[in-house]
Amino acid sequence: MTSLLLEHALVDGVVSDDVLVEIEDGRLSVVRPGADSGTRVPGLTVPGLANCHSHAFHRALRGHTQAERGSFWTWRDQMYGVADRLDPDSYKVLATAVFKEMVATGITSVGEFHYLHHQPGGRPYDDPNAMGHALLAAADEAGIRIRLLDACYLSAGFGDGGMLPPEGVQLRYSDGDAEAWAERVAELPVDRTGVALHSVRAVPREQLPTVVSAGAGRPLHVHLSEQVLENEACLAAHGITPTRLLAEAGALGPMTSAVHATHLTDGDTGLLGRSRSFACFCPTTERDLADGIGPSVALARAGSRLTLGSDSHAVIDLFEEMRAVEMHERLVTMQRGHWSAAELLTAATADGHASLGFDDVGRIAVGQRADLVTLDLESPRTAGAGTSCESVVFAAASPDVRRVVVDGRLVYDGDAGAVGRALAEAIEAVS
Ligand SMILES: [Zn+2]
């Protein structure tokens, strides 16, 4: 058993002082504010953060896709270039470094939205899940909890006479049809995997239910209405919005996360909210790709729970993602005060973990997994900002994370230099 005395800690939505936590078998067995025993941990400790939307290999693009001002297409061409060069060995090395970066920023669980399945040209590896297994092994090495969201990706988009076949690097994404995808995914460990529909562009309408039933009882994530073009093409092909298409296929519900959910009609917002689907916002990616600003407040009012992801990893900093949700809403409405810091912290912790199927992570409470993230309160950003939820969300940034515990195990002790060196090496190898 481990006993820690947390100088300040977020417990039940408020910051308390001198919180004794005892950890047994990776879980919190005692949580008691106002205590005076245990190994003292200075700073402000919050529950582990959940990064609910990640494509690990996109991290290799950071700083490169802005060349010549950077259009959506300079980003996508470079993304496809890196995707083409990866194999299970190099992906494991790259993903390990990326997951270590996440851990160093306070992320203790990741939803890895995985679509790079097969060899160049589309032939499966000897182990058809070699790439997925590489990601699971990378998570183990980095000490992060993972929900591998294996994505069904079958077509290149809507065409005049039906869905367009995959081409180029997209051949690596496709299993041919949803049945074959489901057979492959059935071989992955159930407790660490969920399912994903890449988007309504990438899975033909009649095959959507196959993916939904394969994922029954597990998290299902889907990119939804990230760009206006997707909505227009879906309306032209089917006469309904992507959200309604998903609703009709049975894809919405309390285990579903709609990723981005940027360009929605009022009807779409209602469908997502009434079905209790999560809305996963990725503000730093959405602004990098010029996607737009989604209706986070309207979705929450309708009944959706907000979660957060770093998606393309232009930035990995969930403090920035939390802040950005409120800041973007302020710019859209020219009013302040839509999301409280406590609500944004819930999105980044308990609700984020719930959307990944980890209901026992994300709170500092008895019975929860012992995921503890400690922030330095004396950094140039946090000094004098107090010990409230507001100081975490509106003052702190990822470099302020000094200590990270996952399942009771210390996985980061503040050595950011080692994280940087591993990233540099891994990215160099695939560039
Ligand atoms: Zn994405």
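The values are calculated or read from the model by the stated rules, or taken from the named source; none is laboratory data. Because the structure is predicted, anything quoted here is derived from the model rather than measured. All Cβ positions, glycine included, derive from the backbone under ideal geometry; neighbour counts span all protein chains shown.
Structure notes:
- Among the residues of region 212-245, the one identified as buried (at least 24 other Cβ atoms within 10 Å of the Cβ), within 16 Å of the ligand (Cβ to nearest atom) and part of a helix (DSSP H, G or I) is 242.
- Residue in region 371-381 that is crowded, with 23+ Cβ neighbours inside 10 Å and among the charged types (D, E, K, R) present: yes
- Hey, residue 190 among the aliphatic types (A, V, I, L, M) and within 15 Å of the ligand (Cβ to nearest atom) or not: no
- Scanning region 32-57 for residues that are away from the ligand (no atom under 16 Å from the Cβ) and among the hydroxyl-bearing types (Ser, Thr, Tyr) turns up 37, 39, 45.
- Selected residue [more than 22 Å from the chain's Cα centre (by Cα), surrounded by 20 or more Cβ atoms within 10 Å (Cβ to Cβ) and modelled with pLDDT of 95 or more] from 178, 151, 138: 178
- Some residue of region 250-257 being crowded, with 24+ Cβ neighbours inside 10 Å, of a type outside the set (D, E, K, R), within 16 Å of the ligand (Cβ to nearest atom) and at pLDDT 95 or above: yes
- Pairs where the first residue, in region 255-284, is in contact (Cβ under 8 Å) with a residue 12 or more places away in the chain and the second is acidic (Asp, Glu) and within 13 Å of the ligand (Cβ to nearest atom), C-beta under 6 Å, 6+ apart: 260/226; 262/226; 262/291; 282/311
- Exclusive hit being hydrophobic (A, V, I, L, M, F, W, C), outside any helix (DSSP H, G or I) and over 23 Å from residue 399 (Cα atoms), set 41, 15, 19: 19
- For region 108-118, a residue qualifies if it is within 16 Å of the ligand (Cβ to nearest atom) and buried (at least 24 other Cβ atoms within 10 Å of the Cβ), and the qualifying residues are 110, 111, 112, 113, 114, 117.
- Selection status of residue 404, touching a residue at least 60 places away in the same chain (Cβ under 8 Å) and in contact with a strand residue (DSSP E or B) (Cβ under 9 Å, 6 or more places away or on another chain): yes
- Residue 355 vs. criteria buried (at least 24 other Cβ atoms within 10 Å of the Cβ), under 23 Å from residue 269 (Cβ atoms), within 16 Å of the ligand (Cβ to nearest atom) and not aromatic (Phe, Trp, Tyr): yes
- Residue list for region 358-369, filter: of a type in the set (A, V, I, L, M, F, W, C) and over 12 Å from residue 145 (Cα atoms): 364, 365, 366
- One residue stands out in region 297-311 among those that are surrounded by 24 or more Cβ atoms within 10 Å (Cβ to Cβ) and of a type outside the set (A, V, I, L, M, F, W, C): the one that is farthest from the ligand (Cβ to nearest atom), namely 304.
- Applying the criterion of being within 13 Å of the chain's Cα centre (by Cα) and part of a helix (DSSP H, G or I) to the residues of region 271-285, the residue that is nearest to the ligand (Cβ to nearest atom) is 285.
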